[in-house]
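First comes the structure, then the notes that go with it.
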Amino acid sequence: MAKLSWIQRTYWKSLSKPVQLRPLFHYLLDHPIGSILEIGMGNGNRIEQILSMFTLRDGSSQLRYAGVDLFESGTQIDGHMRLKDAHRMLAEKNVRAHLVPGDATSALRRIVHSTLPSDLIIVDEGWGDDSSIGQALIEWLPKLVHDDTVVFARKNQQETLQVISIVPIQAGRKAA
């Protein structure tokens, strides 16, 4: 959360790996955040990278984080971390975490009623497809955004995370 030097900023913008996450890093370098919802934590590397370079939004004393993942239900080949390890890692970094195990479809139903709208939402996989995950996102995401929320999403892990327009999401929220 400390101010990054120009060398560190250059690293995050131009040299950081994986390349698919650089648009997210570009955004975080210029926009302070106070809360994150990550759908699909995977092995935890992305949130560790985010925690080493983000700036906390004014008025926030601590980052609020909600994470949805398969955790132990996922396969080791897919690289899912254990729930206990995720809690430990986030606690060591002074992050107030709410972790929900399960697939995105069922976990979103549970998390929407216990999580405030987030400044940043990261959807690791399933965006824009006709799968059950895509349908759950369309249904529940409007309740998890506010006017300044930015959504980064991708259909699969080979794609680059991209900013998704939340105008349709906000329209769905106002209609609800």
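Here are a few things to note about the model shown:
- Close Lys pairs in the chain (alpha-carbon distance under 23 Å; sequence gap of 8 or more, or different chains): 10.
- The C-alpha radius of gyration of region 91-130, expressed as a fraction of 2.2 N^0.38 Å, stands at 1.35.
- Pairs of Cα atoms nearer than 8 Å and 6+ residues apart set the relative contact order; for the chain it is 21 percent.
- log10 of Debye I(q)/I(0), alpha-carbon scatterers only, for region 36-123 at 0.11, 0.13, 0.14 Å⁻¹: -0.28, -0.39, -0.45
- For the chain, the antiparallel share of DSSP beta bridges with both residues in that region comes to about 15%.
- Extension reserve of the Asn43-Lys143 stretch, reckoned as 0.36 nm per residue once the Cα distance is removed: 33.3 nm
- Evaluated on the chain, the Kirkwood hydrodynamic radius is 16.4 Å, with distances taken between all distinct Cα atoms.
Every number in this text was worked out from the coordinates using simple rules, so none of it is lab data. Keep in mind the model is a prediction, meaning the values are calculated, not measured.
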